[in-house]
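In what follows, a single structure is set out as structure tokens and then discussed.
The values are calculated or read from the model by the stated rules, or taken from the named source; none is laboratory data. Predicted, not measured: the structure shown is a model, and the values here were computed from it. Please note: Cβ atoms are built from the backbone with ideal geometry, for glycine as well, and neighbour counts cover all protein chains shown. Remember, those area values only see protein heavy atoms, side chains included, never the ligands or the DNA or RNA. Shrake-Rupley method; radii C 1.70, N 1.55, O 1.52, S 1.80 Å.
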Amino acid sequence: MLPFSLPLVVRPFAARVALASRVQFRTKMTLPKPNTQPPKCALVIHNLPKVAAESNKFRRVLFTGRHSQLVIMTVPVGGEIGEETHTVDQHLYFVSGTAQVITDGKKKEDIATGDHVIIPAGTLHNFVNTGPTPLIVTTVYAPAEHKANTVHDTLEQGEKLEDEGKDDPPKWAKE
């Protein structure tokens with residue numbers, strides 16, 4: 001028995017078997033190895049929300065392209081992303097949890113699971129976890145914002161590496 005109901009769609013038997021076997025045997029998602037060179041082909045990440053939820057790192061880069069970067073984040077209870085301003089656009093999708101977005105140091109809005117927030121380049125912003133569980137977020141920077149294989153355990157570690165110039169995106173990602 002599948003752990004979910006399929007839409008009412010007629011599928012060939014072979015496709016149903018392939019789908020069922022893929023769903024039944026994937027109990028833990030595999031993190032893709034981050035690319036440190038310009039990508040040469042497409043990357044497919046199955047069930048990104050589950051991959052993000054299984055990461056216990058504050059920040060983990062999954063993919064860096066020439067014009068964008070995919071990152072997953074886990075913000076602890078009571079934690080925050082940290083007030084910042086980027087020179088790039090940022091799209092954030094909230095996989096689970098609740099938060100408050102603060103823009104320009106004063107405007108506040110509540111965020112919940114399933115919300116998507118777009119932060120244009122130059123906008124001062126912060127996200128504060130207001131819920132009883134970790135805040136799980138996927139974010140796309142366009143262009144890249146971090147080193148291609150970045151993994152930060154904590155906000156403080158990330159800020160330190162950024163301040164030291166050790167978390168800059170690869171030159172090929174800013175072309």
Whole-Hz ³J(HN,Hα) from phi, Karplus 6.51 cos²θ - 1.76 cosθ + 1.60, for the stretch 143-156, glycine and proline x: x, 4, 10, 10, 4, 4, 10, 4, 9, 10, 6, 9, 4, 4
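T85 to H46: FRET efficiency via 1/(1 + (r/R0)^6), r the Cβ-Cβ distance, R0 30 Å, to the nearest 0.05?
Details: r = 34 Å, r/R0 = 1.12.
For T85 and H46, the calculated efficiency is 0.35.
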Within straight-line cross-link reach of K57, lysines at Cα separation under 19 Å, skipping those fewer than 8 residues along the same chain: K28, K33, K147, K160, K166
Rule-of-thumb Rg ratio for the stretch 58-127 [Cα; 2.2 N^0.38 Å; N residues]: 1.09
Theoretical FRET efficiency, 1/(1+(r/R0)^6), r = Cβ-Cβ of H67 and Q100, R0 30 Å, to 0.05: 0.50
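In percent, how large is the relative contact order of the stretch 31-116, given Cα pairs closer than 8 Å and 6 or more residues apart? Present the calculation step by step, with values, prior to reporting the outcome.
Values: 92 pairs, mean separation 17.6, N = 86.
Answer for the stretch 31-116 is 20 percent.
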Inter-probe distance in nm under a simple model that places probes 7 Å from Cα toward Cβ, at Q37 and A112: 4.7 nm
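May I ask you to give the percent of accessible area on the stretch 16-175 that is carbon plus sulfur, with a probe radius of 1.4 Å?
Details: 4640 of 8660 Å².
Of the solvent-accessible surface of the stretch 16-175, carbon and sulfur hold 54 percent.
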Per residue accessible area in Å² of the stretch 28-175, where ligands, DNA and RNA are left out and the probe is 1.4 Å: 52 Å²
